[in-house]
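This report concerns only the one structure given below.
The values are calculated or read from the model by the stated rules, or taken from the named source; none is laboratory data. In this text, all values refer to a predicted model and were calculated from it rather than measured experimentally. Side chains are part of the model used for accessible areas, which takes the heavy atoms of the whole protein and leaves out ligands, DNA and RNA. Shrake-Rupley method; radii C 1.70, N 1.55, O 1.52, S 1.80 Å.
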Amino acid sequence: MPFRRLRRRLRGTAAWLLVAVVAGGLAFTVTKNSTGPHGGSGPIGSSDPAGAARRADPGRTPGGWQDWNRWLRGAADFVNPVVDGLWGPERMAGAAEGERSFDGSEMPRGVSDPEPDAVDARPVARPYGESAPTAGRLFFDTPKGPAACSGTVVRDPAHPGRSNLVWTAGHCVHSGKDGGWLRNIVFAPGFDKSAAGGRGSAAPLGIWWADWAQTSQQWIDHGTSNAGAGAAFDFAVLHVRQAAGATRSLEETVGAAADVAFDAELSGSRGLVDIVGYPAGRPFDGSALFHCADRPGSFSVAADQPDMYRMGCTMTEGSSGGGWLVRRGDGALVLVSNTSLGSRPAAWLAGPHLGADARRVLTEVSRRFAGS
């Protein structure tokens, strides 16, 4: 029998968008009665050559973040030229750390199921290719420096068995109503810093550059670092490609891709959902993959937005965009949501209901590359 849905009003809950940021500490993070600022000026990192910066942002000075609020904002504006050698080990390691700052704001109110008990995040068993083959780490540049999220390889309807699509959170690719598209977005499937301790690489399956990103128009129009604005539409799909000359797709390289289940009803379900991601806020450092398993409840941040899902989990910033996964009877992985918000102190995570708008995003990206 489904759980009885006890509902209460959300009051003053501490919540934040889960993204780890360094080089000045741009806060995409919200804590109780607070919100982090978007925008601002500053370099995108000393590892970005001046010529590459100019190619990525024609006509502007290297770094060029002074016009962030007007830079590549619209849904059709995304560009992400490859900068060879940009994401080396040191720069990736830098995206796993950093301080966070906060400004004053008030959390929105909504009606939700009772807050879940905290579930301790546990390390995913290695090798990740067997335990969590679809998981990977997302790296990108913000106005204040390099940052990291999590992502999931998902099936492409136009290319069965040969997908190059990655599911993540909208705020991991676009900063919402007060900003625009983030830069130098790459996906590192199977990221594992421990592998670099020997002669291996922390990105054993390569660095895959995003040649297209798409999020919901609701996130672009309304998304902010305030946990209530646009959070119910905080999802995105990337199309990625490996180095020139590569012949295998992302799905073939990692050996799997998750189906996306739209309109899944998770609240009150008896089944467990597994959240997978790369938390980077303390006590984590983004170097390894973690997971939590729990039964989702309903979570509402605003009366005029669709309900989200919420589960107990102690993962922190950096786990944003990570997949909420279940397994079908045949063992296939199915993505039912992605991490968007989390509590402070870390006790729960929340993710959007993937409805018609999410289906539209995946379909449009798939069709865009159907002939490739």
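Odds and ends about this structure:
- Gyration tensor (alpha-carbon) shape descriptor, region 223-307, a/c threshold 1.5: prolate
- Cα shape, region 320-372, gyration tensor, a/c 1.5 rule: oblate
- Order of exposure, largest accessible area first, which applies to ARG91, ARG367 with probe 1.4 Å: ARG367, ARG91
- Less than 5 angstrom separates the built amide H of LEU354 from those of ASP263, ALA264, all sequence-distant by 5 or more or on a different chain.
- Counting only protein heavy atoms and using a 1.4 Å probe, the accessible area of HIS291 comes to about 50 Å².
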